[in-house]
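Asker: Here it is: the structure, laid out below.
The values are calculated or read from the model by the stated rules, or taken from the named source; none is laboratory data. If you're wondering where the values come from, they're calculated on a predicted model, not measured in any experiment. Glycine also receives a Cβ, built like all others from the backbone with ideal geometry; neighbour counts cover every protein chain displayed. These area figures cover heavy atoms from the full protein model, side chains too; ligands, DNA and RNA do not enter into them. Shrake-Rupley method; radii C 1.70, N 1.55, O 1.52, S 1.80 Å.
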Amino acid sequence: MRLVDPLRYACDAATAFGADVRVLDDNGYLIRISVNDRSIVLGAGPVSPFFINNATAVSIARDKGFSSTTFTDRGLPAIPGEVFFAHSRRAALRAPGREAADALAHAARLGFPVFAKPCTGARGNYAEVVRDAAALEDYIGRLAVDFEAFLIQPVVQGVEHRVLIHDGRSIFHAVKQPAALTGDGVSTLSALLDRLNAGFPGSGLSPWPASVIADEPQRILAAGERFSLPGRRNLSAEGDIASFSTEVPPVLHALARDAVAAVGLRFGAVDIFDVSPRSDLGDLLIIEVNGNPGLRTLELAGRSDIIREIWTDMLRESLGT
């Protein structure tokens with residue numbers, strides 16, 4: 001049976017040291033791993049597979065508004081943002097000033113364009129650069145179908161880095177690359193975007209909005225020419241990895257380690273912008289921390305051995321082997 005990635009990795013590690021694996025869910029989202037008289041149930045999807053993280057830490061990391069507040073409390077540099085709500089069904093449970101109308105007023109004061117993303121989103125879902133008030137109203141309407149709360153932040157330009165931390169150690173460092181449309185010499189940007197978005201239905205991800213090409217939808221790219229898409233750089237949203245290394249610059253390691261520790265995680269990935277003029281890591285801002293990070297970067301880099309090592313360590317700790 002096909003297992004989703006984190007459980008596939010766990011199964012590989014468990015099998016390598018002789019553990020028994022039972023698949024409990026027809027969709028491949030729940031397994032039991034056993035050694036002698038000890039066992040552990042692992043899940044994916046709505047369940048965080050990285051069981052060495054406690055539930056409180058994972059919950060804080062999952063909420064981008066809460067984690068941002070936590071970074072600020074610890075004096076860590078992070079992108080500033082304000083939380084608002086896409087609908088009013090629980091308005092009585094929160095302080096005033098956080099409704100959709102307040103979001104529009106805040107964005108106007110901040111100055112368009114702004115960056116918006118759901119507080120509990122993942123894989124770059126609904127993470128978008130919003131051009132003006134009309135686009136923000138449209139965004140809130142679309143977001144409200146799937147999410148309740150969202151962040152509004154200034155648009156930040158810089159090199160995006162990811163660092164994976166396990167018990168205070170850096171595992172790898174990667175530089176993210178934006179998603180892009182690649183020309184064929186015939187198709188317009190609009191047609192290329194439609195083609196890209198055609199792969200999203202059923203994935204749970206929002207398509208790229210038409211606003212990313214709003215200035216020149218009929219432009220035709222030369223064959224091989226790339227048109228970078230602003231906003232999310234996630235692999236799941238057709239972003240890419242520009243570089244990968246297990247040697248992590250000390251300044252990135254220190255900030256990622258502190259960000260993971262701030263929310264109480266033992267295992268987590270930290271996304272960081274370098275906004276220094278020379279891209280020399282002289283001015284860093286935490287974007288977010290992920291307590292349930294995908295490990296595709298390691299797999300794509302041909303380092304499945306590191307994935308196995310991570311899972312072997314966690315499973316042996318839990319199962320006492």
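Asker: Going by the structure shown, is Ser245 more than 20 Å from the chain's Cα centre (by Cα) and not acidic (Asp, Glu)?
Answerer: Spelling it out, it is not the case that Ser245 is more than 20 Å from the chain's Cα centre (by Cα) and not acidic (Asp, Glu).
Asker: Quick test of your reading of the structure: Leu205 fulfils all but one of (1) loosely packed, with under 13 Cβ neighbours inside 10 Å; (2) assigned to a loop (DSSP other than H, G, I, E, B). Name the failing condition by number.
Answerer: The one condition Leu205 does not meet is (1).
Asker: Here is a check on your reading of the model: is Phe66 modelled with pLDDT of 95 or more and touching a Leu at 6+ places or on another chain (Cβ under 9 Å)?
Answerer: Answer is no for this residue.
Asker: Can you tell me which residues in the range 250-282 are open to solvent by 50 Å² or more (accessible area, probe 1.4 Å) and free of Cβ contacts under 8 Å to residues at least 60 places away in the same chain?
Answerer: Pro250, Val251, Pro277, Arg278, Asp280, Gly282
Asker: All but one of (1) in a helix (DSSP H, G or I); (2) within 26 Å of Leu205 (Cα to Cα) hold for Thr70; state the number of the condition that does not hold.
Answerer: Going through (1) in a helix (DSSP H, G or I); (2) within 26 Å of Leu205 (Cα to Cα) one by one, Thr70 breaks only (2).
Asker: What pairs can you find where one residue is in the range 84-106 and hydroxyl-bearing (Ser, Thr, Tyr), the other is open to solvent by less than 80 Å² (accessible area, probe 1.4 Å) and in a helix (DSSP H, G or I), and their Cβ atoms are less than 9 Å apart, with a gap of 6+ or different chains?
Answerer: Here the result reads Ser88/Ala100, each pair linking the range 84-106 to a residue that is open to solvent by less than 80 Å² (accessible area, probe 1.4 Å) and in a helix (DSSP H, G or I).
Asker: Residue check: is Glu247 under 30 Å from Asp280 (Cα atoms), open to solvent by 60 Å² or more (accessible area, probe 1.4 Å), touching a residue at least 24 places away in the same chain (Cβ under 8 Å) and in a loop (DSSP other than H, G, I, E, B)?
Answerer: Criteria met by Glu247.
Asker: Just to verify a result, which residue in the range 168-190, among those that are within 24 Å of the chain's Cα centre (by Cα) and open to solvent by 40 Å² or more (accessible area, probe 1.4 Å), is farthest from Gly231 (Cα to Cα)?
Answerer: Arg169
Asker: Another one. Pick from the range 285-294 the residues that are open to solvent by less than 20 Å² (accessible area, probe 1.4 Å) and under 19 Å from Thr69 (Cα atoms): which of them is farthest from the chain's Cα centre (by Cα)?
Answerer: So the residue we want is Ile286.
Asker: Could you grab me the full set of residues in the range 91-107 that are open to solvent by less than 70 Å² (accessible area, probe 1.4 Å) and not aliphatic (A, V, I, L, M)?
Answerer: Residues satisfying the conditions are Arg94, Gly97, Glu99, Asp102, His106.
Asker: With the structure loaded, tell me whether Ile33 is open to solvent by less than 60 Å² (accessible area, probe 1.4 Å), in contact with a strand residue (DSSP E or B) (Cβ under 6 Å, 6 or more places away or on another chain) and either part of a strand (DSSP E or B) or not polar (S, T, N, Q) (or both) or whether it fails that test.
Answerer: Criteria met by Ile33.
Asker: Shifting gears a bit: Answer with yes or no whether Leu42 is crowded, with 20+ Cβ neighbours inside 10 Å, over 30 Å from Gly158 (Cβ atoms) and either out of contact with any Cys (no Cβ under 8 Å at 6 or more places or on another chain) or among the basic types (Lys, Arg) (or both).
Answerer: Yes.
Asker: So how many residues does the range 1-30 have that are free of Cβ contacts under 8 Å to residues at least 24 places away in the same chain and assigned to a loop (DSSP other than H, G, I, E, B)?
Answerer: The qualifying residues number 4.
Asker: Kindly provide the set of residues from the range 53-71 that are hydroxyl-bearing (Ser, Thr, Tyr) and surrounded by 14 or more Cβ atoms within 10 Å (Cβ to Cβ), ordered by number.
Answerer: The answer is Ser59, Ser67, Ser68, Thr69, Thr70.
Asker: Hey, another quick one. Is it the case that Gly45 is out of contact with any Pro (no Cβ under 9 Å at 6 or more places or on another chain) and at pLDDT 95 or above?
Answerer: Criteria not met by Gly45.
Asker: Kindly evaluate Phe50 against the criterion of being among the aromatic types (Phe, Trp, Tyr), part of a loop (DSSP other than H, G, I, E, B) and surrounded by fewer than 17 Cβ atoms within 10 Å (Cβ to Cβ).
Answerer: The answer is no for Phe50.
Asker: A further question on this structure: Specify which of the listed residues (Ala122, Ala57) is within 28 Å of Ala179 (Cβ to Cβ) and either touching a residue at least 40 places away in the same chain (Cβ under 8 Å) or in contact with a helix residue (DSSP H, G or I) (Cβ under 8 Å, 6 or more places away or on another chain) (or both).
Answerer: Ala122
Asker: Failed condition for Leu193, given (1) surrounded by fewer than 18 Cβ atoms within 10 Å (Cβ to Cβ); (2) modelled with pLDDT of 85 or more, with all others met?
Answerer: The one condition Leu193 does not meet is (1).
Asker: Show the residue pairs meeting these rules: Cβ distance below 6 Å; 6+ apart or different chains; first residue within the range 296-307 and open to solvent by less than 40 Å² (accessible area, probe 1.4 Å); second residue not in a helix (DSSP H, G or I).
Answerer: Thr297/Ala174; Thr297/Ile241; Ile307/Leu295
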